[in-house]
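Student: This structure is in structure tokens; I'll ask about it shortly.
The values are calculated or read from the model by the stated rules, or taken from the named source; none is laboratory data. Bear in mind the structure is a predicted one, so any value in this text is a computation, not a measurement. All Cβ positions, glycine included, derive from the backbone under ideal geometry; neighbour counts span all protein chains shown.
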């Protein structure tokens with residue numbers, strides 16, 4: 001089953017920051033562990049919320065707004081999609097994520113809805 005790990009409130013150091021090399025080593029070690037276990041499907045850091053654009057459709061018209069949809073004190077900094085046998089394994093792996101030490105990791109199962117085709121482009 002796929003699980004989504006959403007990484008919140010974790011400021012990552014810039015490449016010129018003295019802590020960047022250590023943070024990069026820890027994140028890459030986590031990704032290596034996910035690959036070793038056959039769990040890593042995808043994962044990426046996200047730029048700050050100032051780069052977000054929100055789209056909604058009302059009365060057939062697309063409304064485009066700069067920034068995230070909701071006012072929030074939390075910011076989404078990245079994600080991982082994992083293939084896990086169950087929620088317990090997903091939670092175990094979330095606890096190994098180095099970003100959990102500074103922020104928080106929300107773990108959610110990916111819903112499989114009959115008839116929905118989200119397969120990648122061919």
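Student: Inside the stretch 14-44, can you point out the residues that are closer than 12 Å to residue 97 by Cβ and touching a strand residue (DSSP E or B) at 6+ places or on another chain (Cβ under 6 Å)?
Tutor: Correct list: 34, 39, 43.
Student: Does residue 90 satisfy the criteria of being modelled with pLDDT under 95 and closer than 14 Å to residue 7 by Cα?
Tutor: For residue 90, the condition - modelled with pLDDT under 95 and closer than 14 Å to residue 7 by Cα - is not met.
Student: Go through the stretch 21-44 and count every residue that is closer than 24 Å to residue 88 by Cα and either in contact with a helix residue (DSSP H, G or I) (Cβ under 9 Å, 6 or more places away or on another chain) or in contact (Cβ under 8 Å) with a residue 12 or more places away in the chain (or both).
Tutor: So the answer is 15.
Student: Suppose the filter is in contact with a strand residue (DSSP E or B) (Cβ under 9 Å, 6 or more places away or on another chain), farther than 26 Å from residue 111 by Cβ, at pLDDT below 95 and in a loop (DSSP other than H, G, I, E, B); does residue 11 pass it?
Tutor: Spelling it out, residue 11 is indeed in contact with a strand residue (DSSP E or B) (Cβ under 9 Å, 6 or more places away or on another chain), farther than 26 Å from residue 111 by Cβ, at pLDDT below 95 and in a loop (DSSP other than H, G, I, E, B).
Student: Can you tell me which condition residue 85 does not meet? The list is (1) assigned to a helix (DSSP H, G or I); (2) surrounded by fewer than 15 Cβ atoms within 10 Å (Cβ to Cβ); (3) touching a residue at least 60 places away in the same chain (Cβ under 8 Å), and all the others hold.
Tutor: (1)
Student: For the stretch 96-122: of the residues being part of a loop (DSSP other than H, G, I, E, B), at pLDDT 90 or above and touching a strand residue (DSSP E or B) at 6+ places or on another chain (Cβ under 9 Å), which is surrounded by the most Cβ atoms within 10 Å (Cβ to Cβ)?
Tutor: Among residues in the stretch 96-122 that are part of a loop (DSSP other than H, G, I, E, B), at pLDDT 90 or above and touching a strand residue (DSSP E or B) at 6+ places or on another chain (Cβ under 9 Å), the one surrounded by the most Cβ atoms within 10 Å (Cβ to Cβ) is 97.
Student: Output the qualifying pairs, or none if there are none: Cβ atoms under 8 angstrom, residues six or more apart or on different chains, first residue in the stretch 46-75 and at positive phi and surrounded by 10 or more Cβ atoms within 10 Å (Cβ to Cβ), second residue modelled with pLDDT of 80 or more and not in a strand (DSSP E or B).
Tutor: 67/49; 67/50; 67/52
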